[in-house]
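Down below is the structure, laid out as structure tokens.
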Amino acid sequence: MRIRVKLTLMEMIVVVGFIIASAVMFYYSSVIIQLKDFEIRSQKILSTLEQIELRAEGLLTTNEDIYDLKQDLTNQIVSFNKQLSALQNFKGTSFLPEGDRQKMGKLVKGWISLYDLYYIPVFTLIEQIISTPHIYDFGTIGMVNIRKELYKNRLVSNEELARLYQLEGGVQVMNMNTSGFADQVRQFMDRVRENINRSIRRRTVIAVLIAIISILSAFLVMVVFSIRLGKRIMLMHNAIQSVAEGDFSKTLTITSGDEFEEFALHYNSLKEELWSKLDSVMDFMKEIGGVISLGNLYDLDRIIQIVIKSAVENTQADAGAVFMISEETEGVIEKRASIGYLPPLIPLPEKAAANKERIEAYEQEHPIPLGETVIGEAIINGEANFIRDTSEDESFKNLSTPGTLLYISSLAIVPLVITGRVLGAIVIAKTSKGERFTDIDFSHLKTFGDYAALTIDTMFNYQELTEKSELYREIEIASDIQKNLLPIKIPESKKIDIAAYSHAAKGVSGDYYDAFRLTDNKVAVLICDVVGKGVPAALLMVMIRTIIRLVASPRRNAGQILTILNRGITDRVAVDQFATMSFIIFNEDNGEVEYANAAHSPALHYLKRGSRFEEIDAPGLPIGIEKSEQYKQEIFQVDNGDIITLYTDGITEARNAKHDEYSQFSLQKVIKNNADSPARVIIESVKEDLNNFVGLTAQHDDQTIIVIKIK
């Protein structure tokens, strides 16, 4: 079920819950209104009955006209009958308890009997008496007084007088029974009123409970859904964060039948692809290292073949080739190695495009001039070019027709550049309709290109060493490699001032340092001391530089970067090759420093406030010793005027003629005395003080120092 459907279903459940709650509240409110209306109607009936009772009592004592009195009483009875009938048929009556409805039926029957037995005979007598002579001679003095006057004055017969006595007795009996009936009605009304109030309270509680249960149920469904949704989002967040931190061991498992499950499948596929590609880079380095370690430093073609083979396999390209600047013909590039059929990227005559053989023959006869075609432009400019979809690029109009020998669906070109010198380019292509390279493919191709360029340059230099057959050239070439690895330019920053100094004890330094930007607000600085000398040590530096620049990411902290570096180096170099290293990431926005260490000398932190030093250290084995080593990091804050110093032990362990060590104390003293100076001045002061200390004594260890001054 899709997330949108689940959300809609949840919304419907919530809406239904509110509808049910509203319906229940409406129903019970309606019942309560009906019951209250019944109570009001009953009260009106009781009031009318009391009027009847009052009028009936006044038949004998009132001074009103007997005929008018009888007519008024009749009207009251008619009104009472209508009200009683309406109440009996009223909808609210159905909500009364069964006992009350039965009691009401008995009262109705009792009234009918009362009316038939007492009111009708009285009304008949009144009609007869009204026709009696002299009835109005005495005015309106009341029926009892009229009877007395008629009797005293002998104005009526005994029979008529008997009717008056009979009326008087009938009215008294009628009044007595009416009063009794009224008492029964009052008792019934009190009972009904009590039952109605009890029913209203009960129904109100039930209505509120049902409404609360409905709303809570809907809310509970929403909360459960939100919790599950939040858990899945957190699983996704943790999984993505683990990959960003370089941990590819975690598998994301979500069984939800929706987009989250699809995301988990895609994530696991992407993770496997990333791990596979990263591992392929390591294997690529190992394979090239194996070729070199076997003494095949002359076999450039084999190295180039490994490069293009690894590039094509790692990116699932249909074809690829390595183009190199020709050493024989100036101003042209030539294809040195290829995998699969790579359509030509040069204009072809119609006859030459007839079949692959003619195309390949034409390519051999017509090498690509530097600066022409996308390959020549990439090489001469030293810039990579990625055409994800050639059908969207006007310059590939002739190569974007599927089914032809010239068709290319996606193309990536990475120049082989080393210290500003371009050696050639790696070209890969997809020739199947609908197939496209990804950004990951392009990123890994650039990694292949960086390492391949360093390796090829090393081979060129080594071949030069062999050709000259002079031992000192090895030192010079290895030194060149090492110098090529050092940053050409230290990153500029408004927040920090960085300066570095490195001096080899015997021509080739085993020390290496680097400084580069991770993001607009983060700068990475590292210092490294590689065990050994010469080309093997230089190649280890190449691997360290390549992997560091490959895996360094703003999403990873310093410890994670060293962990991935160590994982990539270990088992891919000789057992006697390793390196100590300190790695720093400086956040220019908040002055936070991440520090990780691989058995290197601790960093020195000079705090301007307090004019004191702190040693910053973190646990960790040297790079290349133990593959499973997990490097930790220390995080600390720096303020304006603070100074961070990274150095190799060649600085503090430098000895003079008396075999005294320069020591960390001397280094701290120079830094403190020059704390208000720029980083470059501090470096020069350290050099001057160190040279004065050692004098002419030869040193046996390389010396490297980096000073980071917080502005």
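Miscellaneous remarks
- In a DSSP loop and with at most 16 other Cβ atoms within 10 Å, the GluC sites (Glu not before Pro) in the stretch 597-694 are E626, E653.
- Prolate/oblate/rounded call for the stretch 299-469, Cα gyration tensor, a/c under 1.5 rounded: prolate
- Protection proxy ranking of 641-649, 414-422, 85-93 - average other beta-carbon atoms within 10 Å, highest first: 641-649, 414-422, 85-93
- Relative contact order computed over the stretch 478-710 (Cα-Cα under 8 Å; 6+ residues apart), in percent: 23 percent
- For the stretch 545-629, trypsin sites (Lys or Arg not before Pro) meeting the loop criterion (DSSP other than H, G, I, E, B) and having at most 16 other Cβ atoms within 10 Å: R555, K608, R609, K627.
- The stretch 478-710: C-alpha gyration tensor shape, a/c 1.5 cut-off, then a/b vs b/c: oblate
- Each of H700, H444 was scored by other Cβ atoms within 10 Å of its Cβ. Arranged with the fewest first, they read H700, H444.
- The residues neighbouring E50, those whose beta-carbon lies less than 13 Å from its own, together hold a net charge of 0 under the Lys/Arg +1, Asp/Glu -1 convention.
- Fewest-first ranking of M234, M174, M324, using other Cβ atoms within 10 Å as the exposure measure: M234, M324, M174
- Across the stretch 299-469, Cα pairs under 8 Å and at least six residues apart give a relative contact order of 23 percent.
- Ordered by the number of other Cβ atoms lying within 10 Å of each residue's own Cβ, fewest first, V322, V31, V312 fall into the sequence V31, V312, V322.
- Of K397/K433; K82/K103; K608/K669; K522/K711; K489/K687; K632/K687, those spanning more than 24 Å from alpha-carbon to alpha-carbon: K632/K687
- Packing here is the average count of other Cβ atoms within 10 Å per residue, and on that basis the peptides 73-83, 403-413, highest first, run 403-413, 73-83.
- Relative contact order for the stretch 590-711, counting Cα pairs under 8 Å that sit 6 or more residues apart, in percent: 28 percent
Bear in mind that the values in this text are calculations on the coordinates, not laboratory data. The structure presented is a predicted model; accordingly, all values stated were derived computationally and were not measured. In this analysis, Cβ positions are derived from the backbone assuming ideal geometry, glycine residues included, and neighbour counts consider all displayed protein chains.
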